[in-house]
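Have a look at the structure below, then the notes.
The values are calculated or read from the model by the stated rules, or taken from the named source; none is laboratory data. Predicted model only: the values in this text are computed from it and were never measured. Here the Cβ positions follow ideal geometry from the backbone for every residue, glycine too, while neighbour counts run over all protein chains shown.
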Amino acid sequence: MLKNIDTNLWVAEQPLKYFGLEVGTRMTVIRFNHNKLMVISPIYPEDKIIQQLAQLGTVNYIISPNLYHHLFIAPFKKIYPDAELWATSGLEQKRSDLPIDKIFNDECSLQFLEQVEVSPVIGFNTLDVTGYSPLNEWVFFHTESNTLIITDIAYYFDAFSSPIMQLVTKLFGGYQQLRPSFLEKIATPDKEQVKQSIQRILSWDFERVIMAHGSILEQDAKQQFKLGYEWFLGESI
């Protein structure tokens, strides 16, 4: 079910397990030019969500922001065949079945979105069943609401998270901390590239952070994001 977060900004959430852990997942919806919608990291398109999106406008853009948030792209695209599918580089090989329209690259600019800026996070690795692999994530800054929209480059698990994630983050660190996991910290050798990416993100004047897993952080989000990445990098930024 869609939940209004700010002007022209909504989220919808669903349960999701990763490595057997209930981490939940969240998609973000931005409306611009009165009735055009951009959907970042789609979740499974339940009937209620489809009805609510129709009330907000027309889905024009579907965004797969990294190499891992693609599970529900195909059913979403099937419902909205006229929407442009934008994806991170490498997804065209990983999911050759997806009808990708455009690939994000260093030169790309979502000029059709006057209220959104985009930037890649280079060098960040994550963990999957094969071991450590690149994430290739693009992040978004919704200027109208001063909101940073990320997917897997940081999490925020707190009392509203599943009991298992509360336990895991308390045991391994990270509970009520806006930051990547310890595993991602040790899996990312080239932290200088990550540092440069994060410095670009910190140049944005955001107050809120929406992520795919964990609770939305409404207050002091920029400072907490900075502190989380200083822990990740092992130095001040």
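Of the residues making up the range 211-224, just one is assigned to a strand (DSSP E or B) and at pLDDT below 95, namely G214.
Yes/no per residue for (1) over 13 Å from W231 (Cα atoms); (2) outside any loop (DSSP other than H, G, I, E, B); (3) among the aliphatic types (A, V, I, L, M):
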| residue | (1), (2), (3) |
| --- | --- |
| L167 | yes, yes, yes |
| Y175 | yes, no, no |
| K195 | no, yes, no |
| I201 | yes, yes, yes |
| V209 | yes, yes, yes |
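Can you pull out the residues in the range 39-92 that are out of contact with any Pro (no Cβ under 8 Å at 6 or more places or on another chain), part of a helix (DSSP H, G or I) and among the aliphatic types (A, V, I, L, M)? I49, I50, L53, A54, L56, A74, L91, listed by residue number.
Which one is nearest to the chain's Cα centre (by Cα), of the residues in the range 177-193 that are surrounded by 16 or more Cβ atoms within 10 Å (Cβ to Cβ) and not in a loop (DSSP other than H, G, I, E, B)? Give the derivation first.
Taking the range 177-193 as the starting set, the residues that turn out to be surrounded by 16 or more Cβ atoms within 10 Å (Cβ to Cβ) are 177-181, 184-185, 187-188, 191.
Add one more test, that the residue is not in a loop (DSSP other than H, G, I, E, B), and what stays is 179, 184-185, 187, 191.
Values: R179: 13, E184: 16, K185: 18, A187: 19, K191: 20 Å.
This residue is R179.
Residues that are assigned to a strand (DSSP E or B) and free of Cβ contacts under 8 Å to residues at least 60 places away in the same chain are absent from the range 105-116.
If I ask for residues that are in a loop (DSSP other than H, G, I, E, B) and among the hydroxyl-bearing types (S, T, Y), which ones from the range 134-150 would you list? Of everything in the range 134-150, those that are in a loop (DSSP other than H, G, I, E, B) and among the hydroxyl-bearing types (S, T, Y) turn out to be T143, S145.
Restricting the first member to the range 176-201 and to residues that are free of Cβ contacts under 8 Å to residues at least 40 places away in the same chain and more than 15 Å from N136 (Cα to Cα), and the second to residues that are part of a helix (DSSP H, G or I) and among the aromatic types (F, W, Y), the beta-carbon pairs closer than 7 Å and six or more apart or on different chains are F182/F172.
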